[in-house]
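Single-structure report; data block below.
The values are calculated or read from the model by the stated rules, or taken from the named source; none is laboratory data. Predicted model only: the values in this text are computed from it and were never measured. Every residue, glycine among them, receives a Cβ derived from its backbone with ideal geometry; neighbour counts consider all protein chains shown.
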Amino acid sequence: MNISPNILLVLAPLFWSLNFLIGKDIAGVIPSGAMTLLRWLITFIIILPFYWKQLAQNRKLFLTHWRLILILGLTGYFLNSAGTFLAVSYTTAINAAFIASLNPVVFALISFIFLKERISKMQILGIITSLVGVLWIIFKGNIAYILSLKINIGDGFMLIAVLSWAIYSNVLKNKGTIFPSNTLFPAMVLGGIAVSLPYFIGEALYIGGWWQNLEPRYYISVLAVGIFPSLLAFYCWNTALQAVTSNHAAIFLNLIPVFTTILSILILGEQFVFYHVIGGLLIFSGVVMVTNDIFLTKMLKESFITN
């Protein structure tokens, strides 16, 4: 059955928004390291029957470039995921989702700083506009908070998650082509598991038996994160990118904070306040300015191949 690319591009942000929603629900119950490891472990178990032959055939290539796989796993699958789950432990899911929408802007900025990619005046304006929007949300539109640098630690964790994703995207763009495309996703998931495991063990020793007497709904939450934002979202996004341009697809990423806001209000009882409106408009305006240039088309496709 052929599904319209636009439908897939709506489903992917909807599934990704569950990261913030479920993360907020399990905050304080399941630690971030455990949630990250279990998330990718579930995904890997599900996809392994479909990829094990390709992985076996390319095992020498993966062993040769194990450092690169670990770097991609660290930045794109561990720091980004754990940072998100830590973020929603301290800030609202709405705040985290709006800050996450800064991803394309930070990606372009990292490309300019480290890879010397050309950047236009319009893109510079877009970067500044989006950054102002994020700061407006972080400081809740309160001048007093800005002057005193009063920042929610959760918003800070979300910025780390965004930065790690931008680094991952640039590394993937420049180095990821050495791997066959049909093995890239499972290899990086495996890298994320390998990097997450030591943190998970240290976290378990420090925190103790958080897994004892968990309510059944938390098992369902972990399974849902492993399936929807970790597997189905990637499938929808990657499938759609085969039929549409990256600039076309990038517009749909702005649905992530929209879906997160709606679901957070309906399910978590969070509040959407006026500073979200101002900050969101600034962020989205900046993203449009940054992603509008032709030269970012290829980079954006590679950047979002495995969000």
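For this structure, a couple of remarks:
- Residue in the stretch 200-209 that is among the hydrophobic types (A, V, I, L, M, F, W, C) and either over 22 Å from residue 35 (Cβ atoms) or touching a strand residue (DSSP E or B) at 6+ places or on another chain (Cβ under 7 Å) (or both) present: no
- Scanning the stretch 225-243 turns up no residue that is loosely packed, with under 15 Cβ neighbours inside 10 Å and either in contact with a Ser or Thr (Cβ under 7 Å, 6 or more places away or on another chain) or within 25 Å of residue 34 (Cβ to Cβ) (or both).
- Some residue of the stretch 2-19 being within 23 Å of residue 206 (Cβ to Cβ) and assigned to a helix (DSSP H, G or I): no
- Matching entry among 223, 214, 266, 231 (being aliphatic (A, V, I, L, M) and not in a helix (DSSP H, G or I)): 214
- Hits in the stretch 71-84 (condition: among the hydrophobic types (A, V, I, L, M, F, W, C) and more than 14 Å from residue 199 (Cα to Cα)): 71, 72
- Number of the exception - residue 53 against (1) of a type outside the set (Gly, Ala, Ser); (2) at pLDDT 85 or above; (3) touching a helix residue (DSSP H, G or I) at 6+ places or on another chain (Cβ under 6 Å): (3)
- Residue in the stretch 151-158 that is surrounded by fewer than 19 Cβ atoms within 10 Å (Cβ to Cβ) and either on the phi > 0 side of the Ramachandran plot or in a helix (DSSP H, G or I) (or both) present: yes
- Just one of the listed residues (233, 194, 243) is more than 20 Å from the chain's Cα centre (by Cα) and touching a residue at least 40 places away in the same chain (Cβ under 8 Å), and it is 243.
- Restricting the stretch 115-134 to residues that are surrounded by 17 or more Cβ atoms within 10 Å (Cβ to Cβ) and of a type in the set (A, V, I, L, M, F, W, C) leaves a set whose member that is farthest from residue 273 (Cα to Cα) is 119.
- Scan of the stretch 253-287 for residues that are surrounded by fewer than 18 Cβ atoms within 10 Å (Cβ to Cβ) and either closer than 18 Å to residue 123 by Cα or of a type in the set (Gly, Ala, Ser) (or both), ordered by number: 254, 269, 281, 285
- Scope the stretch 99-157; condition charged (D, E, K, R) and more than 21 Å from the chain's Cα centre (by Cα); matching residues: 116, 117, 118, 121, 140, 150
- Criterion: touching a Leu at 6+ places or on another chain (Cβ under 6 Å), assigned to a helix (DSSP H, G or I) and either of a type outside the set (Asp, Glu) or farther than 26 Å from residue 71 by Cβ (or both) - qualifying residue of 99, 127, 113: 127
- Any pair with Cβ under 6 angstrom, 6 or more apart, that starts in the stretch 51-70 at a residue that is within 17 Å of residue 181 (Cβ to Cβ) and ends at one that is assigned to a helix (DSSP H, G or I) and of a type in the set (D, E, K, R): 68/175
- When the stretch 166-177 is filtered for residues that are within 10 Å of residue 68 (Cα to Cα) and hydrophobic (A, V, I, L, M, F, W, C), the ones remaining, listed by number, are 171, 172.
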